[in-house]
Structures are given as C-alpha cells and as structure tokens.
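Asks: Take this structure, written in structure tokens, and hold onto it; I'll ask about it next.
The values are calculated or read from the model by the stated rules, or taken from the named source; none is laboratory data. What you see is a predicted model, and the numbers here were worked out from it, not measured in a lab. Using ideal geometry, Cβ is built from the backbone for each residue, glycine included, and neighbour counts are taken over all protein chains shown. Accessible surface is based on the protein model in full, side chains and every heavy atom, while ligands, DNA and RNA are left aside. Shrake-Rupley method; radii C 1.70, N 1.55, O 1.52, S 1.80 Å.
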Amino acid sequence: MTDRTTIKLETKDGIALLTLNRPEVLNSINMTLIAEVRAAVAEVAADDNARVLVVTGAGRGFCAGADLAAQGQRQEGMSIGQGVAHGMETGFNPMMRELYELPKPIIAAVNGTTAGGGVGLALAADIVIAAKSASFIQVFGPKLGLIPDLGTTWTLPRLVGRARALALTLTGDKLPAETAAEWGMIWKCIDDASLMDEAMSLAAKLAKGPTGAFAEIRKAIDISGHNTFAEQLDYERVTQGRMGDHPNFVEGVTAFLQKREAKFKP
C-alpha cells in the first residue's frame, strides 16, 4: 500500500517496522487506523522476509487510545452503547486478535504517553520496551465510566497481578515506565534516546531466529495458565515431538555441534 494515512510500514533486513502516524492526536485510534493496522499485519504475516514486527508511535506518544472525537460505527437505530460495542466487534477486537495471533514475534517500542486502549495495544506485544519518559494510564473507569478494553483486562492482571491491576484501573493513576518494568509489566525501561536503537537491535536478534518456534513458545506460555502441571508436561511432550521433526531443530543442533551461528528458516 502506498496510500496509508495513519500508519507507516517499512520492512528491511527481516524487520517490519509499523509506526502509528497520527502524532497530532497522540496516535489515537480511529477506524481508518484500525483498517490500516489490520492490512499491515496481514501483509507482515504473508511476507516471509518479515521475521519480526516492531510497533511504535510517531511524535511524543505511543497511543492515547480510542479517538473519542472521531465518528465511530454507530448506525441508525443504535444506542450509544450499541454503537460502541459494534465498533469493537467490527474493528477494535479483530485488530487485536490479528495482532495477537500473528505467528511472528512482536516488539512494542513505547514512547511517551500510552493511555486507555493504547495500553492494551502495547501489551499485545510479546516484548515491550519503554522510554523512561513513557507512562501507562488506565482512563476507562475514572474518566469514562467504562471497563478497560483491547484485551487489557486479560493481559494486565496476568502481568502485574489482581491487586495492582485493580488499583491501576480503578484510580487511573499514571504508571511510570520505570515502575512498570519493576512490576514485570514490561520487559525493559531505557533512556529515551536509546529506545529505537534498543528495539531494532532486539528485533535484529529475533529476525535471525526460528520464527515458527517463537510462535509456539508464546502459545505454550499462554496455555500454561489453563493447564495443570501434568497437563503442561503432556503439552510440551506433544509439541516437542512435532517440532523435533522441523528442519530448524536439525539446523540448531548441527550449528551447536559445529560451533557456528544457526541459519534458521521462517
């Protein structure tokens, strides 16, 4: 696509860089942005040359959540709430599912303000790196009388626990990136000037790895929350048996024995 107006997508050296590009409104999410993100994710999924996706925001913020000033998907005869739910069903939720199900690792490079649904967008990534100036704010309850969305009620308690998740969402207090890292909500907090260098360096490392295995690792980690220990052992056994027949396993063992860097396929 060459006519994108709300995002940028560049792919080079195995790294797809998706930049939310509405800096004048802190990259808030409207239906056009949703459509363009979904198209970009589909493009990355289909591109064997794209081994990892990096998501960041243009300007002074990552994402301020939904664009409340934009006209949504409310149709004639719908109440306000029905319009909100319809917009989630047809736009926001499919975007989040497609991001979450992308069979390639995702890195979020969080710069500046991240609020509301922007938090859910960031936490959909496998690895989140934030600048020291970044912060995470749950505005839904105290400011809008709503519950958090874009998957935040699923990701947040799993990352920081019920007590902290509830306190953040009930108070709407700003969570500095450094505290988010201390709590295990994100992977790392670094100096602002180093954010993109760090993100791209990590992406380059992942781009050389076994992409399919990374997707399986994510799945195994997520499913563990629903399994008993014995069930997880069985899941690992079945998955290892299947993955052990992949050429990447043979290449990994061979490279290890030959003391060289492995050359994995997607």
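Asks: Quick query: amide H of residue 28 versus all other amide H atoms, modeled in the peptide plane; which residues come in under 5 Å with a sequence gap of 5 or more or a different chain?
Replies: 64
Asks: Filter the chymotrypsin sites (Phe, Trp or Tyr not before Pro) in the stretch 88-136 down to the DSSP loop ones having no more than 14 other Cβ atoms within 10 Å, then list what survives.
Replies: Filter output for the stretch 88-136: empty list.
Asks: Still on this structure: Per the Kirkwood definition applied to all pairs of different Cα atoms, how many angstroms is the hydrodynamic radius of the stretch 82-173?
Replies: 13.7 Å
Asks: How much of the DSSP beta bridge set in the stretch 53-205 is antiparallel, as a percent to the nearest 5? Before the final figure, lay out each step's value.
Replies: Values: 2 of 18 bridges.
Of the beta bridges lying entirely in the stretch 53-205, close to 10 percent run antiparallel.
Asks: What does the extension gain come out to for residue 245 and residue 46, with contour length at 0.36 nm per residue minus their alpha carbon separation?
Replies: Gain in length upon complete extension: 69.3 nm.
Asks: Antiparallel versus total DSSP beta bridges in the stretch 1-105: what percent is that, nearest 5?
Replies: Working: 6 of 13 bridges.
Bridges in the stretch 1-105 are about 45 percent antiparallel.
Asks: Please give the per residue accessible area of the chain, computed with a probe of 1.4 Å over protein heavy atoms only, in Å².
Replies: Per residue, the chain has an accessible area of 53 Å².
Asks: What ranking, highest mean first, results for peptides 248-258, 192-202 when packing means the other Cβ atoms within 10 Å averaged over each residue?
Replies: 192-202, 248-258
Asks: Still on this structure, I have one more. Note the count of lysine pairs whose C-alpha atoms are less than 18 angstrom apart in the stretch 121-266, limited to pairs 8 or more residues apart or on different chains.
Replies: Value for the stretch 121-266: 11.
Asks: Heavy atoms only, probe 1.4 Å: what % of the accessible area of the chain goes to carbon and sulfur, would you let me know?
Replies: Here carbon and sulfur together make up 56 percent of the probe-accessible area.
Asks: Calculated from DSSP H runs of 4 or more alone, at -39500 (n - 2.57) each and per residue, what is the 222 nm mean residue ellipticity of the chain, nearest 500?
Replies: Numbers: 11 runs with 118 residues, N = 266.
-13500 deg cm²/dmol, from helical runs alone.
Asks: Given R₀ = 45 Å, what would the calculated FRET efficiency be for residue 265 paired with residue 79, taking r from the Cβ atoms and rounding to 0.05?
Replies: With R0 = 45 Å, the Cβ-Cβ based efficiency is 0.30.
Asks: Right, another one. Looking at (1) 59, 44, 34; (2) 62, 46, 41; (3) 65, 38, 31, which value of Cα extents along the principal axes in Å comes from a calculation on the structure shown?
Replies: Given (1) 59, 44, 34; (2) 62, 46, 41; (3) 65, 38, 31, the calculated one carries the label (2).
Asks: What FRET efficiency, computed as 1/(1 + (r/R0)^6) with R0 = 35 Å and r the Cβ-Cβ distance, is obtained for residue 213 and residue 93, rounded to the nearest 0.05?
Replies: 0.80
Asks: Can you give me the distance in nm between label points at residue 233 and residue 24, each placed 7 Å from the Cα along the Cα-to-Cβ direction?
Replies: Going from the residue 233 label point to the residue 24 one covers 6.1 nm.
Asks: Let me ask another. Cut-off 10 angstrom, C-alpha nodes, Gaussian network model of the chain. Which of 123, 68, 33 fluctuates the most?
Replies: 68
Asks: Looking only at the chain, where both bridge partners belong to it, what percent of the DSSP beta bridges are antiparallel (to the nearest 5)?
Replies: That works out to approximately 25 percent antiparallel.
Asks: Is the stretch 141-251 rounded, prolate or oblate when judged by the Cα gyration tensor, a ≥ b ≥ c being the square roots of its eigenvalues, rounded requiring a/c under 1.5 and prolate requiring a/b larger than b/c?
Replies: oblate
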